[in-house]
Protein chains: 2
Amino acid sequence: MVEDAFGVLAHPVRRELLVRLGQGEQRASDLARGLPISRSATSQHLRLMLAVGTVAERREGRERYYSLERDGLAEVDAWLERLDGFWARSLERLGEHLDASA
Amino acid sequence: MVEDAFGVLAHPVRRELLVRLGQGEQRASDLARGLPISRSATSQHLRLMLAVGTVAERREGRERYYSLERDGLAEVDAWLERLDGFWARSLERLGEHLDASA
DNA sequence: AGAATACGTAAGGAATATCTAACGCGTCAA
DNA sequence: TTGACGCGTTAGATATTCCTTACGTATTCT
């Protein structure tokens, strides 16, 4: 079971959905249009994304509007920054090493 | 088949491996130590990461040293930035809209 | 009311991913 | 050269993911 933001990003269709939502709120059926999978499959992806918290849902009559959930990818951002930090520090150590041997 | 950096990040063991490598080059067996899976499984993760390009390998005798591949996660960084851009722009439009209706 | 619309959900199957156990192959040390 | 070490690969089992088809449930529209 995909249970975090990393898992959400692992599927190309889900990334495409996020990109489309980056342009603003969209209806479920509009989101499904043009994708290489059925409307049902799209719905399942959206359900997953909702559970993980990368999108939000708003119901209006028989329609459902989806939008990006702010901070939905915070987990990913934070992780990448942490890795960058580690790496930057290791490059720094490398630099000191080179300086020392110069 | 996991074939891109997003897929690499989708597995907690692979993220752990990247974090450890953030502290510098490591031998295969050192990387495997402490993980909840066998050495064999770790080796398979490393092979995958090597194929995708998130880690690099250096052989020395019977040992293999792994390290982070610079730009290995560039694909992910770029994608996140693009999404941020879209989102920033949509917030901007929202701001204009609010201004207009004020 | 009856039909059409907008969606979600369930069931079932095919494709992937992931793990362990067993084995192979160099390399190093005695 | 014999054996231990470091590590990858294969085979095969199990788990997970992802998709489609069929169906259910509210809403609108006529």
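The values are calculated or read from the model by the stated rules, or taken from the named source; none is laboratory data. Note that the structure is predicted; figures quoted are calculated from it, not measured. Every residue, glycine as well, gets a Cβ built from its backbone with ideal geometry; the counts of neighbours run over all protein chains shown.
Computed values, structure above
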{"quantity": "Contacts under 6 angstrom Cβ, first residue in the range B:23-43 being of a type in the set (S, T, Y), partner modelled with pLDDT of 95 or more, 6 or more apart", "calculated": "B:T42/B:A32; B:T42/B:L35"}
{"quantity": "Failed criterion for A:E81 (all others in (1) within 14 Å of another protein chain (Cβ to nearest Cβ); (2) in a helix (DSSP H, G or I); (3) within 8 Å of DNA strand C (Cβ to nearest atom) hold)", "calculated": "(3)"}
{"quantity": "Verdict on A:A88 being over 23 Å from B:L80 (Cβ atoms), out of contact with any Gly (no Cβ under 8 Å at 6 or more places or on another chain) and in a helix (DSSP H, G or I)", "calculated": "no"}
